[in-house]
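All remarks here apply to the structure that follows.
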Amino acid sequence: MKRKNDVGLFNLHSDSKASRYLDALRWFAAVYVMIYHLRPVLFQGFNGVEHKHLLVKAAYLLTSMGYEFVMLFFVLSGFFISASVLKAIRSGTFSWKTYLINRFTRLWLVLISALILTSIWAQTQLLIYPQSDYFTDNMKWSDFAGNLFFLQGIFFPNYGGNLPLWSLSYEFWYYMLFPCLVLTFVSRTRLSKILYGCITVGMSIMLGQAIMMYFLIWLLGALLVLLPQIRIRKEWLFRLGVPVTAALSGLVMLADKALLHQSDADLVQRFVPQLAVSICFASLIYVILHSCNEPKSVNTKVFNVHTFLAGFSYTLYLTHYPVINFLRVSIGDGRWGTWQPDLWHVCLGVLLAMAIIVYAWIVSTFTEAHTSTVRAWLTKVLNKPGFRRRNGNYENSRNRYGLD
């Protein structure tokens with residue numbers, strides 16, 4: 001039963017088919033981004049392909065949309081995080097301590113291990129291939145610390161050239177921006193509103209144009225929490241809405257790649273097409289949420305491949321690139337793409353991709369799989385009476401100014 005305070009906010013049931021479909025989107029996006037990075041490292045660029053038949057053209061086109069699937073991560077993240085924040089604020093139970101514990105345990109447990117593994121792969125690469133110069137300006141301890149505190153792309157480079165780290169800094173600062181933005185308007189006291197408003201403006205100035213532009217894409221996920229359900233039978237909404245919105249997402253991405261020839265790395269220039277495909281992704285997620293969110297519609301005790309793969313998608317996202325960069329040097333002697341896309345090399349590439357997925361899963365069994373356990377332990381430690389007494393003055397002042 002919905003709580004009165006949660007009226008108007010969408011509530012996703014964890015044991016519904018909708019939850020499983022969102023899991024499927026999460027792992028598919030992570031695997032796709034890995035393939036997007038792997039293909040140009042293994043295979044020659046399209047201009048160097050000897051036999052440009054239709055199947056090869058399709059394969060190159062369909063593996064060239066990695067940044068678009070990062071946008072899918074942004075929309076999903078916006079939905080999940082904003083839902084928890086808005087419901088906690090509306091019910092009066094929002095606590096910065098709880099929120100930060102949840103966010104940092106989720107992010108750091110995987111990030112710290114990913115940074116260490118990035119260093120190990122880089123040092124191994126330099127030991128075996130000392131001529132490699134990929135790590136000239138991104139392997140300092142200051143870079144490690146800057147990435148640890150989500151400042152890559154703002155003040156520091158991606159540590160060890162681990163490219164996917166760029167989006168993690170975006171995600172983290174969206175986690176910080178959103179509650180401050182909401183509390184700017186709904187805090188109980190004027191002082192709190194002014195304080196949160198100043199913090200929001202200060203962060204926005206520090207983060208710069210690109211990160212703030214893509215905050216709008218993240219907010220599409222937050223919009224899904226607020227949008228009401230359209231009056232149409234759920235069965236028809238699913239049967240018509242899912243294929244239509246999925247096809248529309250694909251068509252927008254393909255049209256973008258076919259008609260616009262812009263650098264993926266220029267995020268400011270690429271914002272409009274990325275926003276267009278993000279709206280399509282948000283539409284697909286909206287249809288899924290409102291067509292099959294019936295509680296207990298799936299048996300949670302039965303193994304589900306989507307839940308399993310989504311369970312280490314974050315680890316896969318952060319740990320795959322150092323392995324791929326090592327392959328670039330060991331297979332291609334430092335050059336990008338040396339293989340022709342013939343059957344033998346495609347099969348070998350598929351095996352390497354599967355090996356990277358297994359590698360990420362193994363890493364996740366020591367990290368991501370224990371997120372709930374670490375979170376519960378840290379919450380218990382920080383809620384001990386002794387700790388609370390030492391921080392009592394701070395907590396009292398925080399509550400007095402409505403900062404909870």
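The values are calculated or read from the model by the stated rules, or taken from the named source; none is laboratory data. Quick caveat: nothing in here was measured; it's all calculated off a predicted structure. Cβ placement follows ideal geometry from the backbone for every residue including glycine, while neighbour counts extend to all protein chains displayed. Only protein heavy atoms, including side chains, enter the accessible area calculation; ligands, DNA and RNA are left aside. Shrake-Rupley method; radii C 1.70, N 1.55, O 1.52, S 1.80 Å.
Points worth noting:
- On the stretch given as the stretch 143-174, residues that are farther than 14 Å from residue 115 by Cβ and small (Gly, Ala, Ser) total 2.
- The set of residues in the stretch 118-129 that are open to solvent by less than 40 Å² (accessible area, probe 1.4 Å) and hydrophobic (A, V, I, L, M, F, W, C) contains only 122.
- Matching residues, the stretch 290-321, being modelled with pLDDT of 95 or more, crowded, with 21+ Cβ neighbours inside 10 Å and not in a loop (DSSP other than H, G, I, E, B): 310, 313, 314, 315, 316, 317, 318, 319, 320, 321
- Residues of the stretch 45-58 classified as open to solvent by 50 Å² or more (accessible area, probe 1.4 Å), part of a helix (DSSP H, G or I), within 17 Å of residue 338 (Cα to Cα) and not aromatic (Phe, Trp, Tyr), total: 1
- When the criteria are applied in full, residue 361 meets the requirement of being open to solvent by 60 Å² or more (accessible area, probe 1.4 Å), in contact (Cβ under 8 Å) with a residue 12 or more places away in the chain and not acidic (Asp, Glu).
- Every pair of residues 6+ apart whose Cβ atoms lie under 6 Å, when the first sits in the stretch 266-278 and is assigned to a helix (DSSP H, G or I) and buried (at least 17 other Cβ atoms within 10 Å of the Cβ) while the second is among the charged types (D, E, K, R) and modelled with pLDDT of 90 or more: 277/68
Residue by residue, here is whether (1) in contact (Cβ under 8 Å) with a residue 60 or more places away in the chain; (2) closer than 18 Å to residue 103 by Cα; (3) of a type outside the set (A, V, I, L, M, F, W, C) holds:
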site	(1), (2), (3)
144	no, no, no
156	no, no, no
161	yes, no, yes
167	yes, yes, yes
184	no, no, yes
193	no, no, yes
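- Residue list for the stretch 292-307, filter: touching a residue at least 60 places away in the same chain (Cβ under 8 Å), of a type in the set (D, E, K, R) and more than 16 Å from residue 238 (Cα to Cα): 296
- Members of the stretch 151-186 found to be in a loop (DSSP other than H, G, I, E, B) and open to solvent by less than 10 Å² (accessible area, probe 1.4 Å), listed by number: 162, 164
- Set side by side, the residues 367, 379 differ, and just one is among the hydroxyl-bearing types (Ser, Thr, Tyr) and open to solvent by less than 40 Å² (accessible area, probe 1.4 Å), which is 367.
- Residue within the stretch 24-44 that is among the small types (Gly, Ala, Ser), open to solvent by 10 Å² or more (accessible area, probe 1.4 Å) and assigned to a loop (DSSP other than H, G, I, E, B) present: no
- Output for the stretch 232-255, where each listed residue is β-branched (Val, Ile, Thr) and within 10 Å of residue 284 (Cα to Cα): 242, 244, 245
- Considering residues of the stretch 60-85 that are over 18 Å from residue 251 (Cβ atoms) and open to solvent by 30 Å² or more (accessible area, probe 1.4 Å) only, the residue nearest to the chain's Cα centre (by Cα): 73
- Residues (within 20 Å of residue 360 (Cβ to Cβ) and among the polar types (S, T, N, Q)) located in the stretch 317-346: 319, 325, 330
- In the stretch 206-234, the residues that are part of a loop (DSSP other than H, G, I, E, B) form Cβ pairs under 8 Å with partners that are surrounded by 13 or more Cβ atoms within 10 Å (Cβ to Cβ), at six or more places apart or across chains, as follows: 208/154; 227/10; 227/286; 229/290; 230/237; 230/290.
- Subset of the stretch 220-237 (residues that are surrounded by fewer than 19 Cβ atoms within 10 Å (Cβ to Cβ) and either more than 25 Å from residue 86 (Cβ to Cβ) or out of contact with any His (no Cβ under 8 Å at 6 or more places or on another chain) (or both)): 223, 226, 227, 228, 231, 232, 233, 235, 236
- Taken over the stretch 332-345, the criterion of being hydrophobic (A, V, I, L, M, F, W, C) and open to solvent by 60 Å² or more (accessible area, probe 1.4 Å) is satisfied by 336, 343, 344.
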